[in-house]
Amino acid sequence: MQALPNLFLVGPMGTGKSTIGRALAAELHRDFFDSDHVIEQRCGCNIPWIFDVEGEAGFRIREAQVIDEITRRQGIVLATGGGAVMHPTNRRLLRERGVVVYLSTTIEQQLRRTARDRNRPLLQCADPEKRLRELLELRDPLYRDTATLIVSTDRRSPRSVVAEIRRRARRYACHSSSGCSSELSGYSF
Ligand code: S3P
């Protein structure tokens, strides 16, 4: 029996990675991890505190350690932070250790979803829209480079996004192996 492939979600802030990831894991009866939550649990402090005290560089070191550790597991769903793809090692580990899904959306949707959130230090600035645009310009090629599948979450229910991920991940697994054998049906995408 082959190992159950991992499903890793990448994409910008406010694209729905945590909500979709949790719903996907529940449907597939898999363990769900959110790298930001794991970082906070380990540290015993929240992300703004880490950015204040250790800077973004300190946060990225913690993030890389957590991603390396969690992606060693099998059969999990992982939602990563929006900047995880900045680190080349993270990109390589995600690609090597699972099926990577880029959840994309519009800047307007990101703004709506992050409007009242004080837990994202990069958006505590005078012009969050400009910041989101700059980040997307920089990171979109990296999300694309890392991803196996690109799925839009714009104006869609989590349920419909989860159904699309399952359908396309199943098709991808069939194509990238020797066909949809009975073994593959055990993947339960
Ligand atoms: C970040 C995104 C956040 C979190 C941190 C930095 C980023 O995660 O990791 O605030 O650089 O885009 P979400 O994408 O879950 O908001």
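Since every read-out is calculated from the coordinates, none of them should be taken as a lab result. From a predicted model like this one, the values you see are computed outputs, not experimental measurements. Because the Cβ atoms are built from the backbone with ideal geometry, glycine has one as well, and the counts that use them run over all protein chains shown.
Some notes on this structure:
- Of Y102, Y172, Y143, the one that fluctuates the most in a GNM where the chain has Cα springs shorter than 10 Å: Y172
- Neighbour-limited loop hits for trypsin sites (Lys or Arg not before Pro), the stretch 47-123 (at most 12 other Cβ within 10 Å; DSSP other than H, G, I, E, B): R72, R116, R118
- Farthest positive-ward along the chain dipole, Cα basis, beta-carbon charges - from M13, I76, N119: I76
- Kyte-Doolittle mean at least 1.6, axial Cα span of 15 Å or more - DSSP H helices of the chain: none
- Computed magnitude of the charge dipole of the chain (debye, nearest 20; Cβ of K, R +1, Cβ of D, E -1): 580
- Share of Cα-Cα pairs in the chain lying beyond 22 Å, as whole percent: 45
- Divided by 2.2 N^0.38 Å, where N counts the residues, the Cα radius of gyration of the stretch 37-147 comes to 1.08.
- Fully extended contour minus Cα-Cα distance, from H37 to H175, at 0.36 nm per residue: 46.3 nm
- For the pair the stretch 1-48 / the stretch 59-127, the C-alpha centres are spaced 9 Å from each other.
- Computed from label points 7 Å out along Cα-Cβ, the spacing between R131 and T106 is 2.2 nm.
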